[in-house]
Amino acid sequence: MAEAPIDWYRVPVDRETLKRFTRKSDARGWLQAGSFLLIYLCTGGLALFFFLQKWWGAMIAACYVHAMFQQMIGMSAAVHELSHGTPFKTRALNEIFYHLFCFLTWNNPVHFRASHVYHHQFTVYRGRDKEVVKEPVRSLMNWRHYLSWLTFDYEWFWTLVKTTVLHAFGNEEADFFAWDPLFPPGDPRRAAMCRWARIMLFGSVILVTAFSLLHLWVLIFLVTLGGFFVTILGRLTGAIQHQGLAENTPDWRLVAHTVEVGPVLRYLYWNMNYHIDHHMYAAVPFYQLPKFHEVLKKDLPLAPASFSAGLRLVLSIKRDQQKTPGYTYVPRFPDGAAAPRG
């Protein structure tokens, strides 16, 4: 899939500043990824305790919280950032958490890493970026979608499990994001992708069998299926990344959103609310992005002041596009910002 590179606009940053902000830290990586694993174990352990005590209402509540959090362990946040190899200074630590979190959320580390490289190279270029699907407003406001995102996300389940099964049984053409295909014939990553799918599928079968024999039924949900329930946080944070913006435009300021959000969501989202900043300089670790944003923001669009404001902006853009086909949203820039590459 050799295609001509795109000459993207980046806010100019001097070499020393960039060197400072691209430093990695094992301590910061452990703080984030380690605390994520701890929360996962604590919410799961609490639900298991309630199950053993037969406190069904408390068990359901704990399972709900666990599932919502598990969504952020996947490609919505943790798997995404770990795929870049930036959270840890030590590569082995990064790979251990990357593969562990992929297993816990039915993600394929071989496929996602390669797919995401293309997403960064060809962000929202029609036919070249298959990770971004420009949703119509009726989809973003469809009550059936919200109901599934608050309960069982059948579309997400079908996408991940079906493709994993196909890969596990040797179908190298199957794809999560409709690449056609992602890897060309003969690429060794095809075999690696299928090997991981077999680990994912047969590992899950072993776990489900063990939990069933032990009559620990709740663990089937907590470990194997939780990532397909209560996906709303991942779905909505995903909506404020690229939705409603221009296509085929070599300026990340026009094809991605940066949104200010509160500290709890920043933690859960691994600071990916600074999404323009992340695309411009993907080598900057997520924990550096809040301060790095201060360096870039003089040349970035004015950011919505909250998560809800970001969602309202996306929905308002979508409504305008539905009313006026061909409408292109142009964000507001601070005085003195470089002219956007429209």
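Computed extension gain for LYS89 through ILE6, at 0.36 nm per residue and net of the alpha carbon distance, reaches 27.0 nm. Using only Cα atoms, tell me the angle between helix 109-121 and the longest principal axis of the chain; keep it within 0 to 90° and round to the nearest 10. The helix 109-121 is inclined about 10 degrees to the chain. When segment 138-248 is described by a simple charge dipole with +1 on each Lys and Arg Cβ and -1 on each Asp and Glu Cβ, the residue from VAL223, LEU147, ALA192 located farthest towards its positive end is VAL223. The mean accessible area for residues of segment 118-258, using a 1.4 Å probe and ignoring ligands and nucleic acids, is 45 Å² per residue. Taking the chain as a Gaussian network of alpha-carbon nodes connected by springs under 10 Å, the highest mean-square fluctuation of the residues LEU147, LEU219, LEU315 belongs to LEU147. Springs join every pair of Cα atoms under 10 Å in this Gaussian network model of the chain, and among ALA62, ALA78, ALA92 the largest mean-square fluctuation is at ALA92.
If you take the alpha carbon atoms of segment 184-329 and fit the smallest convex hull around them, that volume is 184 Å³ per residue. Note on LYS134/VAL161: beta-carbon distance plugged into 1/(1 + (r/R0)^6) with R0 of 25 Å gives a FRET efficiency of 0.50. Pairs of Cα atoms nearer than 8 Å and 6+ residues apart set the relative contact order; for segment 276-342 it is 36 percent. Structure remark: mean-square fluctuation, Gaussian network model of the chain, C-alpha springs under 10 Å; the largest value among VAL11, VAL124, VAL264 belongs to VAL264. Strictly greater than 29 Å: what percent of every Cα pair in segment 120-265 meets that? Cα-Cα pairs in segment 120-265 separated by more than 29 Å: 32 percent.
Between PHE333 and ARG20, the simple spin-label model (points 7 angstrom out along Cα→Cβ) gives 2.5 nm. A simple spin-label model places pseudo-atoms 7 Å from Cα toward Cβ; at THR151 and LEU41 they are separated by 3.4 nm. Taking one quarter of the surface of the convex hull spanned by the alpha-carbon atoms of the chain gives a direction-averaged projected area of 18.2 nm². Note that segment 1-87 presents 53 Å² accessible area per residue, ligands and nucleic acids not counted, probe 1.4 Å.
Here's the list of lysines a cross-link from LYS19 could span, going by alpha-carbon distance under 28 Å and ignoring same-chain residues fewer than 8 apart: LYS89, LYS291, LYS297, LYS298.
Anisotropy class assigned to segment 11-149 is oblate, per the alpha carbon gyration tensor with a/c at or over the 1.5 cut-off and a/b no larger than b/c.
To put it simply, the accessible area of segment 192-248 at a 1.4 Å probe is 76 percent carbon and sulfur. A DSSP coil position with no more than 13 other Cβ atoms inside 10 Å describes the following chymotrypsin sites (Phe, Trp or Tyr not before Pro) in segment 71-174: PHE169.
The values are calculated or read from the model by the stated rules, or taken from the named source; none is laboratory data. These numbers were taken from a predicted model, which means no experiment stands behind them. Here the Cβ is made from the backbone with ideal geometry for all residues, glycine too, and neighbour counts use every protein chain on show. For accessibility, only protein heavy atoms count, side chains too; no ligands or nucleic acids. Shrake-Rupley method; radii C 1.70, N 1.55, O 1.52, S 1.80 Å.
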